1. Of the residues PHE116, PHE63, which is more than 23 Å from ASN9 (Cα to Cα) and within 15 Å of the chain's Cα centre (by Cα)?
2. Would you point out which residue out of GLU69, GLU92, GLU44 is closer than 23 Å to PHE196 by Cβ, surrounded by fewer than 17 Cβ atoms within 10 Å (Cβ to Cβ) and more than 15 Å from the chain's Cα centre (by Cα)?
3. Out of curiosity, is THR198 over 17 Å from the mean Cα position of the chain (by Cα) and closer than 28 Å to ASP37 by Cα?
4. Please determine whether any residue of region 150-171 is under 21 Å from GLY53 (Cα atoms) and surrounded by fewer than 17 Cβ atoms within 10 Å (Cβ to Cβ).
5. Given the criteria under 17 Å from LEU142 (Cβ atoms), in contact with a helix residue (DSSP H, G or I) (Cβ under 7 Å, 6 or more places away or on another chain), surrounded by 13 or more Cβ atoms within 10 Å (Cβ to Cβ) and in contact (Cβ under 8 Å) with a residue 60 or more places away in the chain, does MET24 qualify?
6. Filter region 72-89 down to residues that are of a type in the set (Gly, Ala, Ser), closer than 20 Å to HIS176 by Cα, more than 12 Å from the chain's Cα centre (by Cα) and outside any helix (DSSP H, G or I), then give me how many there are.
7. Name the one entry in ALA59, ALA75 that is of a type in the set (Gly, Ala, Ser), farther than 25 Å from ASP173 by Cβ and buried (at least 17 other Cβ atoms within 10 Å of the Cβ).
8. Under 8 Å between Cβ atoms, which residue pairs at least 6 apart in sequence (or on different chains) link something in region 37-52 that is closer than 12 Å to MET24 by Cβ and among the aromatic types (Phe, Trp, Tyr) with a partner that is in a helix (DSSP H, G or I) and modelled with pLDDT under 95?
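The values are calculated or read from the model by the stated rules, or taken from the named source; none is laboratory data. Bear in mind the structure is a predicted one, so any value in this text is a computation, not a measurement. Every residue, glycine as well, gets a Cβ built from its backbone with ideal geometry; the counts of neighbours run over all protein chains shown.
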Amino acid sequence: MFWYNEEINRLEKEKKALTYVPEMVFYGSSSFNLWDDLTVFFKEYKPINLAFGGSTMAACSWFYKNNFEGLHPKAIMIYAGDNDLGDGRHPEEVVLFFKTLLTQIREDYGNIPVTFVSIKPSPSRWYLAGSIRYTNSKIKELAESEENLYFIDIYEAMLNEKGEPNGDYFIEDGLHLNKKGYQVWFNIISAHSESFATLQNS
């Protein structure tokens, strides 16, 4: 996990540089990390973007204590698992790491809203479509069985009329989103009122 040290140090500096007390944490991999205007889009919820490039669900759990130290969020939104599957991990492993992360969050912050944004389909990882759908379905099942755990499906919205990843939403690498893709995400995520319920009157 040492290869994440530079990113973890970056997050620590960004936390220290904050001029407000964050209430919502966006956590996970580069799909959140590279969303440059994420904190502008969700400004009313006093967000902090703690996503770090290349991270897996396993790494999110591994570095959780370090990354969340000193924070007292009222809600957390997670996007991760994409890289785990890309590294060859089985979907059940991704679900297991997510459960571990969720347990860590519950131990520290109680029953605050935790939202999982579904793993996206992308041109460069379309060969993993079956594994992605399976992982999403298992985490959706988990969300349906637990209070204040939510699942946001962005998978279908990222497909074209042929049922394949829409290249218009991705940059040249076929993996990461462009501005148009992030606009789709914002439209879907911002409409999910349960994820922001504890922040509405803060």
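1. That would be PHE116, the only listed residue that is more than 23 Å from ASN9 (Cα to Cα) and within 15 Å of the chain's Cα centre (by Cα).
2. Being closer than 23 Å to PHE196 by Cβ, surrounded by fewer than 17 Cβ atoms within 10 Å (Cβ to Cβ) and more than 15 Å from the chain's Cα centre (by Cα) holds for just one of GLU69, GLU92, GLU44, which is GLU44.
3. yes
4. There is at least one residue in region 150-171 that is under 21 Å from GLY53 (Cα atoms) and surrounded by fewer than 17 Cβ atoms within 10 Å (Cβ to Cβ).
5. Criteria not met by MET24.
6. The number of residues fulfilling the criteria is 1.
7. Values: ALA59 fails: farther than 25 Å from ASP173 by Cβ.
After applying the criteria, what remains is ALA75.
8. TYR45/PHE196; TYR45/LEU199
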